[in-house]
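Undergrad: Handing you this structure, nothing more for now.
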Amino acid sequence: MVMDHEGRIVRMNRALEELTGHVLSKVQGQFAWDAFLAPEDRGASKSHFMALTASQFPMLIENIIRSATGGKRRITWSNSVILNQDETIEFIVASGLDITEHKSAEIALRNSEAKFRAVFTDAGMGIAIGSRHGRLLDLNPMFERMFDRTRSQLLNIPLKELIHPQDIDGIEAHLDSILSGYRSSLSLEQRFLLPSGDVLWGRMTITPVSDAKLGVQYFIIMIEDVTESIRMEHQLREAEVTYRNIFEHAVEGIFQG
C-alpha cells in the first residue's frame, strides 16, 4: 500500500484488495486507518503514522485490519519512505505480511504451555523432562521431594544416577529401544536409590516427544511413588510363604475350610 505524507491511500496491490475485500477505487484518498481499522484501533495507528519522519522511522507496525465483510486479519507492516528533493516525505510504502494463522498458533501454543506448566508444577507425582541422552532438563517440585534433593542438585544429571545400581543396565537398554523406534513408550516399576541409602520404588512412565525429521527430541518422565504398596505386597507374600510352611510342615493335622 502506498500512502501520501498525510496517510491517504494512493495505491494498493491486488493482494491487499483480495485480503480486505476492498478495491482501490473505493478507498483511494481515504486515510488508511479509516479504511481498514476498527474505530478503537485507529488512534494508535494514526499516532504511529504521525511519528514517521525521515530521521525517526518506526519500521515495523502490527495491527488488525477489517475486511469489507467484517473479517479480521492480523498484519505486520514494514514501512519505507520516498522522499522529495527537499528530503521531506512524499510517500510511505507499507508492505504487509498476514500473520493471522501464525499468531493464532502462537497463542494456542502459549495456552497449551501454560496448561502443561500448571499440571507439571502441581502434579501429585514426580515429573521431569529429560534429554534424548537421559539428562534431566526440567523437573517439578514433587520430583525434588521424592528424591530428597534440590532442583540445582538434580538438573542436568543423568537419570541413571537416580536408578538403583543393579538396575542401571536395564534402564539404558529401555531408553535405547525407544530411541531406535523399537518401542513407543515405557512403563515399569523401578527401584531408585535415595541420598539416605533408602530404596524408593516408583512406577515410572517414559514417553518420547519426537520431531518428524529429527526423531526423539526429549522424554517426559513421570514417577509415582509406590514404595509403600510394594512393601505391603512383599509383606503379604512373606506372610503367605510363612503360612504355607506352617500348613505343610505342621506335625498336627490342619483342616482348611
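The values are calculated or read from the model by the stated rules, or taken from the named source; none is laboratory data. Computed from a predicted model, the values in this text were never measured in an experiment. Ideal geometry is used to build each Cβ from the backbone, glycine not excepted, and the neighbour counts take in all protein chains shown. Areas reflect the complete protein model, heavy atoms only, side chains present, ligands, DNA and RNA absent. Shrake-Rupley method; radii C 1.70, N 1.55, O 1.52, S 1.80 Å.
Undergrad: Restricting the search to the range 49-60, which residues are open to solvent by 50 Å² or more (accessible area, probe 1.4 Å) and over 19 Å from residue 98 (Cα atoms)?
TA: 50, 53, 54, 55, 56
Undergrad: Still on this structure, I have one more. Of all residues in the range 11-29, which are of a type outside the set (Ser, Thr, Tyr) and surrounded by 15 or more Cβ atoms within 10 Å (Cβ to Cβ)?
TA: Residues satisfying the conditions are 12, 16, 17, 19, 22, 24, 27.
Undergrad: Just the residues that are assigned to a strand (DSSP E or B) and either of a type outside the set (A, V, I, L, M) or open to solvent by 30 Å² or more (accessible area, probe 1.4 Å) (or both), please, taken from the range 73-88.
TA: Residues satisfying the conditions are 73, 74, 76, 77, 78, 79, 80, 81, 82, 83.
Undergrad: May I ask you to list the residues in the range 222-257 that are loosely packed, with under 10 Cβ neighbours inside 10 Å and at pLDDT below 85?
TA: Within the range 222-257, 248, 249, 250, 251, 252, 253, 254, 255, 256, 257 qualify.
Undergrad: Cβ-Cβ below 6 Å, separation at least six or inter-chain, first residue in the range 103-118 and in a helix (DSSP H, G or I), second open to solvent by 60 Å² or more (accessible area, probe 1.4 Å): which pairs?
TA: The qualifying pairs are 103/74.
Undergrad: Write out, first by first residue and then by second, each pair whose Cβ atoms fall under 7 Å of each other, whose residues are 6+ apart or on separate chains, and whose first residue, in the range 12-41, is more than 17 Å from residue 79 (Cα to Cα) while the second is acidic (Asp, Glu) and open to solvent by 50 Å² or more (accessible area, probe 1.4 Å).
TA: Listed pairs, sorted by first residue: 19/98.
Undergrad: Taking only pairs six or more apart or across chains, which ones have beta-carbon atoms under 6 Å, a first residue in the range 130-147 that is on the phi > 0 side of the Ramachandran plot, and a second residue that is in a strand (DSSP E or B)?
TA: 134/158
Undergrad: Then there's this: Take the residues of the range 31-72 that are among the β-branched types (Val, Ile, Thr) and either closer than 17 Å to residue 3 by Cβ or part of a helix (DSSP H, G or I) (or both): which is modelled with the lowest pLDDT?
TA: 53
Undergrad: Here is a further query. Restricting to strands (runs of 3 or more DSSP E) lying wholly in the range 128-221: which have 2 or more residues that are open to solvent by 60 Å² or more (accessible area, probe 1.4 Å)?
TA: Answer list for the range 128-221: 186-193, 199-211.
Undergrad: Residues being at pLDDT 90 or above and either of a type in the set (Phe, Trp, Tyr) or open to solvent by less than 50 Å² (accessible area, probe 1.4 Å) (or both): count how many of those fall in the range 113-127.
TA: Qualifying residue count, the range 113-127: 2.
Undergrad: Only one residue in 151, 135, 145 is within 15 Å of residue 175 (Cβ to Cβ) and of a type in the set (Lys, Arg), so which one is that?
TA: None of the others qualify; the one that does is 135.
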